[in-house]
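S.K.: Got a structure for you, written out below as structure tokens; questions coming shortly.
The values are calculated or read from the model by the stated rules, or taken from the named source; none is laboratory data. In this text, all values refer to a predicted model and were calculated from it rather than measured experimentally. Cβ sites come from the backbone with ideal geometry, for glycine too, and all protein chains shown count toward neighbours. SASA here: full protein model, heavy atoms, side chains in, ligands and nucleic acids out. Shrake-Rupley method; radii C 1.70, N 1.55, O 1.52, S 1.80 Å.
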Amino acid sequence: MGESISDGTLAKFLKNVGDRVEIDEPIAQIETDKVTIDVTSPEAGVIQKFVAKEGDTVEPGNKVAIISKSGEGVEHVVPSEKSSEKVAPPAEDKKEEKAKPQVETTPVKEKRKGSSPPPPKHSPTELQLPPKERERRVPMTRLRKRVATRLKDSQNTFALLTTFNEVDMTNLMKLRSDYKDAFVEKHGVKLGFMSGFVKAAVSALQNQPIVNAVIDGDDIIYRDYIDISIAVGTPKGLVVPVIRNAEQMNFAEIEKTINTLAKKANDGSISIDEMAGGSFTISNGGVYGSLISTPIINPPQSAILGMHSIVSRPMVVGGNIVPRPMMYIALTYDHRLIDGREAVFFLRRIKDVVEDPRRLLLDV
């Protein structure tokens, strides 16, 4: 499962008893704190028996199933077990159904003999809570529990502070519009806004290296590399794949990496190694329509950049009021390590580069 994963929950079996499987064919899925892992068959044969049950906590080396190479003993042994398991619950249900009328009839007769108390009257202002029957209790997935723990640890550990700015997206949108067709033709991937913000973040981190650092005990660890985590929302929860050595990448390489990692995250095939590490995080709540937010730091990092939706707003340009596509950006940082001056300069650099991407060419 990886060095940082010691156990997982058997989420579901992908095959049934009696099914034939080939070598390396997935037969079950294990849900861990970070990813969902397929359990593959080590041999070709017929599934004879499931040793573990769905919902069990399993560790590396635990036996979850028995596979018969010859297929003998499958049709006679396992179906009898299944049938006994299926027949037993209805029998218990029938006993309960027979027992219920006997228990309920007695108090009904007693109530008829005596005068039944009037039903309680509720005042118009009294709060009426919905019945419990209208609520559903669903267990949290391991990934959701892990995300909840890490976010709460972040709040408890860091001195969180958020600073804001706004970005005029006119030039970046024009750059994308002018070169999107040529970009796709040459590189085989669409040109998005995320690569522009990644390049801007790299420039800002190089100008303010303290934002790329982290506190470790009584020391400060300065990272001479830039690994940028990209927050991706999936049906199972939030995952944060990492773009390695982003300072060495161009726009096309960044877009290809983001595209590949996002696909893996959504189909559940992303590995633990692809999410490990990271020195800075970018979260784009704008894809869901968020106008402004205060993102939470992803430990053990020291800052996170929040992107938001692009909204056309009236702005004063050259003394005239003109409509401009504007985006609010937010930087949440650990105030124990990063002072307000560095945080504001960092966010200002993001703004300058996004509003005028030519700065990246001239390094100004």
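S.K.: Quick one: Karplus J couplings for segment 291-302, per residue in order, coefficients 6.51, -1.76, 1.60, θ = phi - 60°, nearest Hz, x for Gly and Pro?
M.R.: For segment 291-302, the Karplus curve yields 8, 7, 7, 10, x, 9, 4, 8, x, x, 7, 10 Hz.
S.K.: What accessible area, in Å² to the nearest ten, does a 1.4 Å probe give for F158?
M.R.: We get 30 Å² for F158.
S.K.: Another question about this same structure. Per residue, how much accessible area does segment 240-284 have with a 1.4 Å probe, in Å²?
M.R.: 44 Å²
S.K.: Then there's this: Probe radius 1.4 Å, ligands and nucleic acids ignored: give me the carbon and sulfur share of the accessible area of segment 211-364 as a rounded percent.
M.R.: 54 percent
S.K.: While we're here: On full extension of the chain, what length is gained from S70 through R313, given 0.36 nm per residue of separation minus the C-alpha to C-alpha distance?
M.R.: 80.4 nm
S.K.: Taking K and R as +1 and D and E as -1, what net charge do the other residues with C-beta under 13 Å from the C-beta of M249 add up to?
M.R.: Residues close to M249 contribute a combined charge of -1.
S.K.: Rounded to the nearest angstrom and ordered from largest down, what semi-axes does the equivalent ellipsoid of segment 1-66 get from its C-alpha gyration tensor (root of 5λ)?
M.R.: So the three semi-axes of segment 1-66 are 21, 12, 10 Å.
S.K.: Kindly write out, for segment 15-31 in residue order, the coupling ³J(HN,Hα) from the Karplus curve 6.51 cos²θ - 1.76 cosθ + 1.60 (θ = phi - 60°), rounded to whole Hz, with x marking Gly and Pro.
M.R.: Karplus-based 3J(HN,Hα) across segment 15-31 equals 10, 10, 4, x, 6, 8, 10, 9, 4, 6, 7, x, 10, 7, 10, 10, 9 Hz.
S.K.: How charged is the neighbourhood of E25? Take every other residue with its Cβ under 11 Å from the Cβ of E25, and add Lys/Arg as +1 and Asp/Glu as -1.
M.R.: -3
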